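Here's the structure, in structure tokens; my notes come after.
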Amino acid sequence: MPIRIVTTHLEFEGQVEEVRVVLEGEEPPAWGPDTPFQVVGKPTARVDARERVTGAAEYSYDVQLPGMLTAAGLRSPHPHARISRLDASSALAVPGVRAVYSHLNAGDFINPSSGKPVFGNELLYHGDLVALVVAETPEQAREATRAIDVAYEPLPFVTAPDAALAANAPMVNTAVPSNTISDEYPQVYQRGDVEAALAQAEVTIETRMETPAALHNSLETHGGAASWDGSRLTVWSSTQGVFGARQQAAAALGLPMTAVQVITQYMGGGFGSKLGVHRSGLLAAYASRQLGLPVKYMLDRTEENLDAGNRPPSVQAYRLGAAKDGTLAALDLAVIHNVGANGLWSSPVALPAKELYQCANVRTTDRAARTNLGTLAAFRAPGVVEGIAGLEVAIDALATELGMDSLELRRKNFAERYQLLDRPYARKMLLDCYRIGAERIGWETRDAEERRYPGGRSGHLRRGIGMASQLWGGDGGPPAQAIAKLLPDGTAVIITGTQDIGTGTRTVLAQIAAEELGYPLERVRVELGETAHGVFSPMSGGSMTLASVGPAVRMAAVEARKELTEVIGQLAEAPADALDIRNATVFNRETGAEMGGVSTYLEQLGGHEITAKGMRGPNAEDVTVRTFGAQFAEVEVDIGTGAVRVVRIVAVHDCGRIINPLTYSSQIEGGIIQGLGFALTEQRIVDERLGMVMNPNLGDYKAPTIRDIPQIDIVLLNEPNVVANTLGVLGAGEPPIIPTPGAIANAVGHALGKTVTRLPLTPDRVLDMLSTTTERS
Amino acid sequence: MSSPSSNAASVSTSASTTTIHLTVNGRTRTLSVEPRRTLLDALREDLHLTGAKPGCNMGQCGACTVLLDGEAVYSCLALAIECQHQAITTIEGLAHDDQLDPVQQAFIDHDALQCGFCTPGQVLALKSLLLRDPHPDDDAIERAMAGNLCRCGAYPKILAAARSLAGRAS
Ligand code: FES
Ligand code: FES
């Protein structure tokens, strides 16, 4: 097949990147709106559900090899300190202990992602790694961490971002002369003239939104098991990207990529925090190579919550100007990011302000502070969750000021085009999402007396309804490859190098292949999650897995089927295009005659397996592909206790064609539930005087339980986006978390007649709001 | 995390091993463990039954849930030596031959799992409830399951699976 190199553009979490891609062959034409389907679009139980409900699924945490050792980390109890003495002799004397690594004996082990030593003698945050113990059992390893004799010299620290950026602030890292990320900060985006437009605007408002650090708390912690056999390293990594993990492990150990394989068959959640092999996986690999035995290092829950990343705190200040009729004239946003000790980037909190509403005069200013706290990591729609909450609360406040219905205000300022590049959207169904969601939640009666006061005006319950919009990329892109193999017995194997991080990737890829092959789903097996036998696929992040890998799988299946019908045609002496394959059985299209199962033909080929390749083609140029959506929330607030109960969420998202409505709804529900936690209960709590995290565990970090779940109504739009890719699909992982906190905040604002300024809306803050914040009608 | 300025703790608590007998999924198993070994670690490290998951090792997530005489417990909070007189059921022992337990089947049919890391614990927590109350209402289901966190948010579907087993449509 002829090879071409195409330049295409990838958009990942707000950034547009130019990439060269190698393409081979032609993608099949896109599935149209009227394409008939047998498997695609049908609610389908996960193909690997059985392994997951029986305990047979092997996660990285579960890998056990003969002679395997276990590692445990000793973590800094200080927000900033120098190690003045470290004596591991007592630890080494604990029975079963094989090694203790620290800056003293492993100081030259460099993490390729940061270019810095894995073990330093300056500790930058509570939970920074001091030393690693490797022992025969987990108990011995943990015991030995307590036996290491360490003396710390505490250094001045700073945890608040504005304090970190102030003149004369203590340096977060004494080796780095500034507490900002780089001299590219503050980052300013502007179009038009915000100050002039604000000065002339008929109505202006100012709002503020502070969002907390949220901890991913994937139920499987970060880590990996590694086995070095003298020439080859195998890492079972709890990762969202086996290829990236391989590259990092190879670079860290100075090995050629052929000498490293990474395996991730099952993993217990990542939500953006597991894009690579993580320091823990590198340490397992390092120790395994040093000791010549397999080593497993899975973080314990405390280590996880101190050192595996966070959705970083944001402080957002909005100034909006509008005409009396609601036309938005100016939007100014200043954000302060707290990216933690080693943060190298800041999240696109300002993205919604730049894009969501039609506005000629926009300015966003991002300031980023490094602080003596754990470093940020991507967390399900990083920045955009926080930015939508801030912006949509500001829009509600503006509507109140104008005396306008807030949904009407949103419609009035609907942006037809993608304003950052002044080009069209491939499709924008946001107005449909507004209409459908408003109908479902009963927007029209949101102010009705009996709805707002369930126990009457003298009672203690107030209900409110609010909404927020959602925007996200999720269109994926190349490179992504797949191979389809048709086996002699009439089964098929699809090989990719993606991973199923719990989203149901294995299942939707099997559905796509089964559809194109004309095979029943049970006859298709999807192999993924390993570098050695897989073919390149991107990491599972940015809601791009299906939209990237799915079209490659489809193309491989289409090509395999073509070859199959040619082979059968020659064997049966019939023209290939007269052959149809349904249910792995061959039919003559013209006569309708059944010609036997595919295996009847394939078995004649001496074991030959038909093998075909598929590749994700380039993205459409000069157009912006987005998922848009909206969520509507109804909440009940107890004004006596400050407790907020979410009664109902209506979710309307345009995620393109839905391959599997069952797993799609699970994704949407999961996103909403995480968003609900962010809105109401979740936050990393830092004692500012001590610089320490007070709740690095699952008891005090309040993630939602089954008791916190509202009624969730999901509207399935299921409209293929034919511009996006040949499947018409868009990502669904991140969209559902994006509007939930904003919708809940606006519902609480509606219930109380106030404007929310801080998340999470814990009862004490709700009571505070009742007594202090200014009234609104 | 230990003392602020020095981390020294010189007393070794490493102890010799003890022989114990555990009845796991109907079979008696003989193990040699340190007294400090939790039931969770005994199952995972000694018996290679890795279905029970260490989500926190401190009794806060439920991923390690197993049944002791039919009662759901956090196996990370029990010591193995304490469990010698009870029947231990792990997720591996729930299906018989190739026949899944109805709870497992309901989880599959309702897609009551995403990453699946919490799933063995969820299945066993629900199993335990249904053993003592075959027709629980929503409140009973939520009480029984509230100690099993699911970070992926499979709760609505866990509830749907539970309702179907309780004989009620969702
Ligand atoms: S591991 Fe036992 S409750 Fe979390
Ligand atoms: S399915 Fe992932 S934690 Fe429950």
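The values are calculated or read from the model by the stated rules, or taken from the named source; none is laboratory data. Here the structure is a predicted model, which is why all the values come from computation and not from measurement. Cβ placement follows ideal geometry from the backbone for every residue including glycine, while neighbour counts extend to all protein chains displayed. We work out accessible area using only protein heavy atoms, side chains counted, and drop any ligands, DNA or RNA first. Shrake-Rupley method; radii C 1.70, N 1.55, O 1.52, S 1.80 Å.
Can you tell me which residue in the stretch B:141-166 is nearest to ligand 2 (Cβ to nearest atom), limited to those that are facing another protein chain (nearest Cβ under 7 Å) and hydrophobic (A, V, I, L, M, F, W, C)?
Selected residue: B:152.
Show the residue pairs that are 6+ apart or on different chains and have beta-carbon atoms under 8 Å apart, the first residue being within the stretch A:486-508 and more than 14 Å from chain B (Cβ to nearest Cβ), the second being assigned to a loop (DSSP other than H, G, I, E, B) and β-branched (Val, Ile, Thr).
Within 8 Å, the pairs are A:495/A:535; A:496/A:535; A:497/A:531; A:497/A:535.
Inspect the stretch A:642-651 for any residue being under 18 Å from residue B:160 (Cβ atoms), more than 11 Å from every other protein chain (Cβ to nearest Cβ), open to solvent by 40 Å² or more (accessible area, probe 1.4 Å) and not in a helix (DSSP H, G or I) and give the result as yes or no.
The answer is yes; a qualifying residue exists.
Looking at the stretch B:22-35 only, could you name the residues that are open to solvent by 60 Å² or more (accessible area, probe 1.4 Å) and within 13 Å of another protein chain (Cβ to nearest Cβ)?
Result: B:32, single match.
Any idea which of (1) farther than 21 Å from residue A:536 by Cα; (2) in the same structural domain as residue A:111 (by TED's automatic domain parsing) is the one residue A:215 doesn't satisfy?
Unmet condition: (2).
Scanning for something open to solvent by 30 Å² or more (accessible area, probe 1.4 Å) and among the acidic types (Asp, Glu), does the stretch A:604-613 turn up at least one residue?
yes
Can you give me the number of residues within the stretch A:435-489 that are among the aliphatic types (A, V, I, L, M) and open to solvent by less than 10 Å² (accessible area, probe 1.4 Å)?
9
Hey, could you check the stretch B:106-143 for residues that are of a type in the set (D, E, K, R) and closer than 30 Å to residue A:42 by Cβ and say which is farthest from ligand 1 (Cβ to nearest atom)?
Across the stretch B:106-143, the extreme among qualifying residues is B:109.
Determine, yes or no, whether residue A:98 is among the basic types (Lys, Arg) and in contact with a helix residue (DSSP H, G or I) (Cβ under 9 Å, 6 or more places away or on another chain).
The answer is yes for residue A:98.
Residues being more than 16 Å from ligand 1 (Cβ to nearest atom) and in contact with a Phe, Trp or Tyr (Cβ under 7 Å, 6 or more places away or on another chain): count how many of those fall in the stretch A:689-718.
2
Considering only residues that are touching a residue at least 60 places away in the same chain (Cβ under 8 Å) and open to solvent by less than 30 Å² (accessible area, probe 1.4 Å), which ones fall in the stretch A:161-179?
Within the stretch A:161-179, A:161, A:164, A:172, A:173, A:179 meet the criteria.
Being within 17 Å of residue A:312 (Cβ to Cβ), part of a loop (DSSP other than H, G, I, E, B) and either free of Cβ contacts under 8 Å to residues at least 24 places away in the same chain or within 12 Å of chain B (Cβ to nearest Cβ) (or both) is the filter here; which residues of the stretch A:673-730 pass it?
A:682, A:685, A:691, A:695, A:696, A:701
Could you list, in sequence order, the residues of the stretch A:315-363 that are β-branched (Val, Ile, Thr) and farther than 30 Å from residue A:80 by Cβ?
Result: A:327, A:362.
If we only count strands (runs of 3 or more DSSP E) wholly inside the stretch A:194-280, which ones have 1 or more residues that are within 14 Å of chain B (Cβ to nearest Cβ) and at pLDDT 95 or above?
A:223-228, A:233-237
Among (1) closer than 23 Å to residue A:27 by Cβ; (2) among the basic types (Lys, Arg); (3) in contact with an Asp or Glu (Cβ under 9 Å, 6 or more places away or on another chain), there is one condition residue A:589 misses while meeting the rest; what is its number?
(1)
Got a sec? Which of B:109, B:101, B:137 is within 16 Å of ligand 2 (Cβ to nearest atom), under 18 Å from residue B:164 (Cβ atoms), open to solvent by 10 Å² or more (accessible area, probe 1.4 Å) and touching a residue at least 12 places away in the same chain (Cβ under 8 Å)?
When all the criteria are applied, what remains is B:109.
Quick one: which of A:560, A:572, A:514 is more than 30 Å from residue A:626 (Cα to Cα), open to solvent by less than 10 Å² (accessible area, probe 1.4 Å) and in contact with a helix residue (DSSP H, G or I) (Cβ under 8 Å, 6 or more places away or on another chain)?
When all the criteria are applied, what remains is A:560.
For the stretch B:127-143, check the following and say yes or no: at least one residue is closer than 26 Å to residue A:58 by Cα and either among the polar types (S, T, N, Q) or in a loop (DSSP other than H, G, I, E, B) (or both).
There is at least one residue in the stretch B:127-143 that is closer than 26 Å to residue A:58 by Cα and either among the polar types (S, T, N, Q) or in a loop (DSSP other than H, G, I, E, B) (or both).
Taking residue A:428 as the residue in question, decide whether it is out of contact with any Pro (no Cβ under 7 Å at 6 or more places or on another chain), assigned by TED's automatic domain parsing to the domain that holds residue A:584 and not hydrophobic (A, V, I, L, M, F, W, C).
Taking the combined requirement at face value, the residue does not satisfy it.
For the stretch A:212-233, how many residues meet the condition of being out of contact with any helix residue (DSSP H, G or I) (no Cβ under 7 Å at 6 or more places or on another chain) and open to solvent by 20 Å² or more (accessible area, probe 1.4 Å)?
Residues meeting the conditions: 2.
Each row is one residue, and each column tells you yes or no for (1) of a type in the set (D, E, K, R); (2) over 29 Å from residue A:382 (Cα atoms); (3) open to solvent by 40 Å² or more (accessible area, probe 1.4 Å).
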| position | (1), (2), (3) |
| --- | --- |
| A:5 | no, yes, yes |
| A:38 | no, yes, yes |
| A:44 | no, yes, no |
| A:60 | no, no, no |
| A:75 | yes, no, no |
| A:82 | yes, yes, yes |
| A:91 | no, yes, no |
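Name the pairs whose Cβ atoms lie under 6 Å apart, with the first residue in the stretch A:557-572 and in the same structural domain as residue A:604 (by TED's automatic domain parsing) and over 20 Å from residue A:526 (Cα atoms), the second at pLDDT 95 or above and part of a helix (DSSP H, G or I), and 6 or more positions between them or separate chains?
A:568/A:601; A:571/A:601
Hand me the list of helices (runs of 4 or more DSSP H) wholly inside the stretch A:65-149 holding 3 or more residues that are farther than 28 Å from residue A:695 by Cα.
Ranges flagged: A:89-92, A:103-106.
Looking at B:89, B:119, B:65, which one is assigned by TED's automatic domain parsing to the domain that holds residue B:35, within 16 Å of ligand 2 (Cβ to nearest atom) and not small (Gly, Ala, Ser)?
From the options B:89, B:119, B:65, the qualifying one is B:65.
When you scan the stretch A:621-656, how many residues do you find that are touching a His at 6+ places or on another chain (Cβ under 6 Å) and of a type in the set (D, E, K, R)?
Number satisfying all stated conditions: 1.
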